[in-house]
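Every number in this text was worked out from the coordinates using simple rules, so none of it is lab data. Keep in mind that what you see is a predicted model, and the values were worked out from it rather than measured. All Cβ positions, even for glycine, are placed from backbone atoms using ideal geometry, and neighbour counts span all protein chains on display.
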Amino acid sequence: MNTVLDQKALDALAAAVQDAGRQAKQQQMFIHRSYKNDGTVITETDLAISRRILGVVADLFEDVNIISEETLTPFREDAPYTFVLDPIDGTDVYSQGLPSWAVALGILDRNRKPVGAMISAPRWGIGEEELFLRLDPGKELTINGRRFSPSTDKDFPHQITMGSSGQRLMDFSRFEGKIRIFGSSILHMLSPMLYDHIQGCVNQSCYVWDIAAAHAALLSVGMDIEYVDGTPFIYDDAFLLERKPFSPSFYAGTKTCIKALRDVLPAK
């Protein structure tokens, strides 16, 4: 059985994640972008947030794993929880001054199931500027401190979100809906549950820190993700420990929406 996480420690961690998002917002206009060896964008904000949140988790919680995009850390198979951090999901758009980015911390249980999330998107929201999503393991999902439930008309993909490489990988010949592209996997995945008129998501290959927090939120409202070939999505060693991107693309939404997406928007 998993250890119950201390409530005061979770409150302190949530405050740190939300504050990290707000600090990133303040720094955004001053950012200088640089590049990793693989050509992806990185900023000084990514590194600063990674150091800060890793330190907070280490101070507040014993015997947990933490995986961060920017920092290699040890991993214990018997740890009760694994925290997965993306200091800035959407670094490219963040570095260009756009609003669609987020600080995202997901929580996996001992069985590698996403069960918790803290997501700070301080230039994004639902009719207001700032979105802070919080899902403590075993608790209700809240957004900006209020209990959240999605609308129920979510079973056919009239509007979807998608990564910017989707046009190369998916067959659009039967899809007649609308597509939204924001530049953040976390926000793409959250959109079907956040916004009344977006029903699904198609996400292309990326890393565990790009999806873990949003996946937990989706599961909490009865949605899920599934590979486009119909196989279930799992957090295997290659994805979680070897830090390899998942493949192929996946659909996100209700089971009925995922089935519809497979019919109207299959992979090439």
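The table below gives the values:
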quantity: In region 178-205, residue farthest from W124 (Cα to Cα) [restricted to those that are surrounded by fewer than 19 Cβ atoms within 10 Å (Cβ to Cβ) and without any contact (Cβ under 8 Å) to a residue 60 or more places away in the chain]; calculated: S205
quantity: Selection within region 149-163 - touching a residue at least 24 places away in the same chain (Cβ under 8 Å) and assigned to a loop (DSSP other than H, G, I, E, B); calculated: S149, P150, S151, D153, K154, D155, F156, P157, H158, G163
quantity: Residue match in region 228-235 (condition: without any contact (Cβ under 8 Å) to a residue 12 or more places away in the chain and under 19 Å from the mean Cα position of the chain (by Cα)); calculated: yes
quantity: Condition met for A104 (under 24 Å from Q199 (Cβ atoms), in contact with a Lys or Arg (Cβ under 8 Å, 6 or more places away or on another chain) and assigned to a strand (DSSP E or B)); calculated: no
quantity: Subset of region 126-150 [of a type in the set (S, T, N, Q) and surrounded by 12 or more Cβ atoms within 10 Å (Cβ to Cβ)]; calculated: T142, N144
quantity: Number of positions in region 41-85 that are over 17 Å from L240 (Cα atoms), touching a residue at least 60 places away in the same chain (Cβ under 8 Å) and assigned to a strand (DSSP E or B); calculated: 0
